[in-house]
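To start, the structure under review is shown below, and the notes come after it.
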Amino acid sequence: MYALEVYENIADDQYSALLNDTFEVSLESEFLPFLYQNQYVNFDENSKAVRLAGELAADAADDLDVVTKVFNYVTENVTYDYDKAENVEYGYLPDIDETLETKTGICFDYAALMCAMLRCRGIPAKLDIGYTNDGMYHAWISTYLKDKGWVNNIIEFDGDTWQFMDPTMMAASGTEAEKKQVSKDTQNYMVNYVR
């Protein structure tokens with residue numbers, strides 16, 4: 001069930017309700033919302049992220065290989081922007097191409113960039129938004145692989161086992177062991193909503 005509300009701006013930051021309604025939507029595939037752009041994961045065929053994803057996927061053996069290449073690229077080339085994290089304003093929306101250009105970002109930027117790069121390659125990806133168990137507002141991804149189904153909070157496969165890898169935590173400062181320890185416990189993450 002979806003709810004639709006339309007408001008009219010009557011002055012400055014004052015709005016008046018014009019209409020509201022509820023309706024049901026039936027999708028031909030449960031994956032459609034996680035294959036296309038939206039205001040949180042905003043991309044099109046001209047996005048630099050789409051071109052880069054194509055380059056990274058060019059010699060990939062399968063979807064898992066694409067996920068691995070995208071994850072490695074993002075975590076090795078984008079650094080965490082502590083100043084932005086301290087000063088981010090309410091209503092902030094990621095700009096994936098800006099993240100690629102500046103090579104810096106916050107968790108929301110990492111997750112949006114990875115989702116865009118996977119979605120444009122036909123790999124369903126969810127942008128998960130919620131909290132860590134220490135109360136930190138956070139964003140990360142989940143992805144769908146044909147032979148595994150939805151891989152929630154787990155995006156690295158070492159050939160034998162799945163490892164929980166949060167791209168922000170893996171790219172942030174600290175030793176490799178510290179990063180893996182922080183991000184491997186799925187109990188540390190509580191999803192509030194998915195985009």
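What follows is calculated from the coordinates using simple rules that are stated; it is not laboratory data. This structure is a prediction, so every number in the text was calculated from the model and none was measured. When we count neighbours, we look across all protein chains shown, and the Cβ atoms used for this are built from the backbone with ideal geometry, even at glycine.
Of 11, 123, 133, which is farthest on the positive side of the dipole of the range 1-160, counting Cα position, with +1 on Lys and Arg Cβ, -1 on Asp and Glu Cβ, and the Cα centre as origin?
Of 11, 123, 133, it is 123.
What list do you get for 74, 66, 194 if you sort them by fewest beta carbons within 10 Å?
Ordered from fewest to most neighbouring Cβ atoms within 10 Å, 74, 66, 194 come out as 194, 66, 74.
Which GluC sites (Glu not before Pro) does the range 1-43 hold that lie in a coil by DSSP with at most 11 other beta carbons within 10 Å?
Sites meeting the loop and neighbour criteria: 24, 28, 30.
Checking the table 103/148; 69/148; 103/146 against a 24 Å threshold on Cα-Cα, which pairs fail?
Listed pairs above 24 Å: 103/148; 103/146.
Just the number, please: Stokes-Einstein D of the range 18-80 in µm²/s, Kirkwood Rh from C-alpha pairs, 10 °C, 1.306 mPa s.
109
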